[in-house]
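Enquirer: First the structure, then my questions, so here it is.
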Amino acid sequence: MTDTKLSFAKFADKYKLLMSQENEHVKCLIIGSGPAGYTAAIYASRADLKPVMYTGLLAGGQLTQTTEVENYPGYPNGIMGPEMMEDFRKQAERLGTDIRYGYVSSVDFSSLPHKVVVDDIKTILADTVIISTGASAKWLGLDSEQKYSGFGVSACAVCDGFFFKGQDVAIVGAGDTAAEEATYLAKLCRKVYMIVRRDEFRASKAMVSRVLNTANIEILYDSETKEIVGDGQSVTGVTVINNKTNETKTLDVTGFFVAIGHKPNTDIFRGWIHMDETGYIKTTPGSTTTNIEGVFCCGDAQDHIYRQAVTAAGTGCMAAIDAERYLAAKEHIVTA
Ligand SMILES: Cc1cc2nc3c(=O)[nH]c(=O)nc-3n(C[C@H](O)[C@H](O)[C@H](O)COP(=O)(O)OP(=O)(O)OC[C@H]3O[C@@H](n4cnc5c(N)ncnc54)[C@H](O)[C@@H]3O)c2cc1C
């Protein structure tokens, strides 16, 4: 057989397989494989919901992009992010979660069961859907930022500030989160340079006042990050340019924090699920229920405040319990 015929035969086989599985009906579908999704999977498996999980493009979620995690309970010596997520995966798999590589490309929540399309091809009918698609930190887009990510460059002061105790660091951003993270870092670090693109903040007056009243924060207005400097192993400085005077200078810092915002991975749910203006999914306070019956949301996709692995895992647990109780109540109505 020629190469073309061979690849066509392979494609036809894959297509037949997918079609034979079309309209597969599941009790519980979990979208996303970060701490929230895996925790939901662990609880849903143990509740006999036989969950099916689609991992998305970043199997294991955001923590696979970092190095050491020191604040997740149960790891007394800390653990590398990718290794921790491998532990989560193994636990979910051992308890029976059907974990599949695939990306949810669209959903139709107009009727029950819910329709979820994977990789634009396969449709799954789901009695309950747990959304745990997380959020993505926004980055500046510099090569040096990528090079030193996890080696001095971070998008989370609460997660990584501790590693820079007593050292000098820089943070870029001008909104409420940046202001909050700068003051958090100022308590741990010797000096914090705050790089602000314009001649003013976007943060609220109260947050700006906190920054201005913190002695060890130095604000560099009208400034942009040109390059993150390192010795090949870790960050040793950051070069900034003043966009009014064109003057450049290199700050001697060992940590560089990017606090220019996050984008929740929720575009595919737009039009169905209620969200705030940034795209964070709205859940009923104290639960994971959304405006759609049988659809629950957990983790960073609905949390713009805490954004931690342990809070994501906590809400993942809540989502599985909410899904189980929803199904149990429905079954009760049907059999009563
Ligand atoms: C650099 C860095 C360091 C951090 N360090 C720490 C730390 O030390 N301690 C800490 O507690 N927190 C830390 N965090 C924060 C922590 O990673 C997040 O709070 C946590 O991962 C959120 O979990 P989640 O399950 O909600 O989402 P995520 O971890 O973001 O996972 C989302 C999942 O959804 C999947 N997905 C997205 N869209 C789709 C789709 N359409 N179809 C299928 N799947 C989809 C993705 O592939 C991914 O698997 C850090 C974050 C970053 C960026």
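The values are calculated or read from the model by the stated rules, or taken from the named source; none is laboratory data. Just so we're clear, the structure is a prediction, and the values are computed from it rather than from any experiment. Cβ sites come from the backbone with ideal geometry, for glycine too, and all protein chains shown count toward neighbours. Just the protein is used for accessible areas: all its heavy atoms, side chains included, with ligands, DNA and RNA removed. Shrake-Rupley method; radii C 1.70, N 1.55, O 1.52, S 1.80 Å.
Enquirer: Could you say which residue among Thr289, Thr283 is of a type in the set (Ser, Thr, Tyr), away from the ligand (no atom under 12 Å from the Cβ) and crowded, with 23+ Cβ neighbours inside 10 Å?
Expert: Thr283
Enquirer: Which of the following residues is surrounded by 16 or more Cβ atoms within 10 Å (Cβ to Cβ) and within 27 Å of Met275 (Cα to Cα): Ala174, Ala206, Ala186?
Expert: Ala174
Enquirer: Against the definition (more than 6 Å from the ligand (Cβ to nearest atom), open to solvent by less than 20 Å² (accessible area, probe 1.4 Å) and either in contact with a helix residue (DSSP H, G or I) (Cβ under 7 Å, 6 or more places away or on another chain) or in the same structural domain as Tyr103 (by TED's automatic domain parsing) (or both)), how does Ser45 come out, yes or no?
Expert: In short, yes.
Enquirer: Please give the number of the condition Arg307 fails out of (1) open to solvent by less than 70 Å² (accessible area, probe 1.4 Å); (2) modelled with pLDDT under 95; (3) touching a Phe, Trp or Tyr at 6+ places or on another chain (Cβ under 8 Å).
Expert: Among (1) open to solvent by less than 70 Å² (accessible area, probe 1.4 Å); (2) modelled with pLDDT under 95; (3) touching a Phe, Trp or Tyr at 6+ places or on another chain (Cβ under 8 Å), the lone unmet condition for Arg307 is (3).
Enquirer: Name the single residue, out of those in the range 118-138 being of a type in the set (A, V, I, L, M, F, W, C) and open to solvent by less than 30 Å² (accessible area, probe 1.4 Å), that is nearest to Asn265 (Cα to Cα).
Expert: Ala135
Enquirer: Being away from the ligand (no atom under 16 Å from the Cβ) and assigned by TED's automatic domain parsing to the domain that holds Gly237, is that true of even one residue in the range 160-167?
Expert: yes
Enquirer: Those residues that are open to solvent by less than 40 Å² (accessible area, probe 1.4 Å) and part of a strand (DSSP E or B), I need them from the range 220-233; list them, please.
Expert: Leu220, Ser223, Thr225, Ile228, Gly230
Enquirer: Next up: Just one of the numbered conditions (1) at pLDDT 95 or above; (2) buried (at least 21 other Cβ atoms within 10 Å of the Cβ) is not true of Leu251; which one?
Expert: Unmet for Leu251, out of (1) at pLDDT 95 or above; (2) buried (at least 21 other Cβ atoms within 10 Å of the Cβ): (2).
Enquirer: Within the range 105-128, identify whether any single residue is part of a strand (DSSP E or B), of a type in the set (S, T, N, Q) and over 20 Å from the mean Cα position of the chain (by Cα), and answer yes or no.
Expert: yes
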